[in-house]
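One structure is given below, encoded as structure tokens.
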């Protein structure tokens, strides 16, 4: 039986995590629309401007595993509060940047804060809602705000850039960080004392963080250096060597490892991370290609382009609500397969865009279909990846899941963007641009089909949440008697 106090704590935790996730997702896309104004105001070069995005991606993607481990070792609430404070301060000072280096530094510090708070928040959600119908509802809320933040970031970024100035794309995160900080400070339980199993594996942490950071660095720089260039090949080779050394250290260290490699024997965790990587690649590519198609081919302004992303956002929210209702009757694996195939259908429909198209005929329908598909799978993939993980490793599992999404997004933009650029060729006519974007979106559909196949073949069938909750209730009743 749930006590009123416990229910209230759960609700406050869910509210804090929802604000955190919305803020992090928003920050991944809100800055993009303001890049031209940022370049003109601060004097960025064409190459330097990319670091407004890359600085955040590097620190966020490279430090997620370390952030997840810190949450397990030093306490989720403590790491969440630290990350929120760092993120809010970086957003505040970034809005006052007067030169390129200041803004890039602020974006890098934002990434460090996000790498701390994202896995801590997800681990808190996992611990607060371990099983049953409440877990399905909680992850439904999480998935809705996660995707809505990313989609609405384009809209909010366009409106702020056009009517208030680019600095507000940095300032907008400050009140959200303050709100989440207040909610987490007063509403989130501190949790049991962290269990420290031994001395920290410093060498493994250095190797893992350096390898992840260099991997993301090599991928995001393919917009300047081709995949076959010596620069890219050398960077990726060094990253692979560092990660191989990291795996060796984790297998042989006598200290407390950054990641216990035995976690990967959990098929749910491994399959969900592979699924998450592919979905992350497809979703990031969809925002990128559709934003360019709307603005460069259809001639839509940044503010209106943001408005035209709303059907996708509403589709994700609708899919998340539907995932909650279906989650009481269908296994998570089924939702992942259905959601992946539905999103793939929307992407394949996107692949039919034409240079003389229109929003109503070429964008609206596939946006709704793809959005509902994404909404169906976002909550279940997180729930699946953290199911069966020991409580003291929930932060590590959450950091790993966030890492797979971030690396997938970087890979998707780099690989699909390169394919689209090759298809477009040297002449950027509306026809050539449309051909390139259509190819990228079609390849995104193929990635989503592959994700659905992974869910079907790797993940095991699990008992339904309602049935699991009924079993838990019977066990609790037997214990009381």
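We did not get these values from a lab; they are worked out from the coordinates using the rules stated. Treat the numbers as computed from the prediction; the structure is a model and nothing was measured. A quick note on method: Cβ atoms are made from the backbone with ideal geometry, for glycine too, and the neighbour counts reach across all protein chains shown.
Gain on full extension, evaluated as 0.36 nm per residue between residue 392 and residue 419 minus their Cα-Cα distance, stands at 5.5 nm.
Quick check on the exposure proxy: order 8, 403 from fewest to most C-beta atoms within 10 angstrom.
8, 403
Listed peptides 367-378, 63-74 appear in the order 367-378, 63-74 once ranked by packing, highest mean of other Cβ atoms within 10 Å at the front. Considering only Cα atoms, the convex hull volume of segment 248-302 works out to 120 Å³ per residue. Here the convex hull built on the C-alpha positions of segment 200-255 has a volume of 52 cubic angstrom per residue.
Summary of the geometry: segment 106-142 and segment 165-188, compared by the centres of their Cα atoms, lie 16 Å apart. Taking other Cβ atoms within 10 Å as a rough exposure proxy, 442, 59 sort from fewest to most as 442, 59. Rg over Rh for segment 358-459 works out to 1.08, using Cα positions for both radii and the Kirkwood form for Rh.
Taking Cα atoms only, the orientation of helix 51-74 departs from the longest principal axis of the chain by about 0 degrees.
Mean residue ellipticity at 222 nm, helices only, the chain: -26500 deg cm²/dmol; runs of at least 4 DSSP H residues each add -39,500 (n - 2.57), and the sum is divided by the number of residues. Largest first, the three principal axis extents of the alpha carbons in the chain are 75, 45, 42 Å in whole numbers. One chain, two ends: residue 248 and residue 310. Fully extended at 0.36 nm per residue, the span grows by 17.7 nm beyond their Cα-Cα distance. Normalised by the number of residues in segment 200-255, the average gap of Cα pairs under 8 Å and 6 or more apart makes the relative contact order 49 percent. Segment residue 328..residue 460, full-extension length gain: 45.8 nm, with 0.36 nm per residue of separation and the alpha-carbon distance subtracted. In terms of surrounding Cβ atoms within a 10 Å radius of their Cβ, 176, 170 rank from fewest to most as 176, 170.
Spatially, segment 361-429 and segment 86-100 are offset by 28 Å when compared through their Cα centroids.
When you count, for each residue, the other Cβ atoms within 10 Å and take the mean per peptide, how do 388-394, 123-129 rank with the highest first?
Peptide ranking by packing, descending: 123-129, 388-394.
Taking 1.567 mPa s as the viscosity and 4 °C as the temperature, the Stokes-Einstein diffusion coefficient of segment 22-149 based on its alpha-carbon Kirkwood radius rounds to 83 µm²/s.
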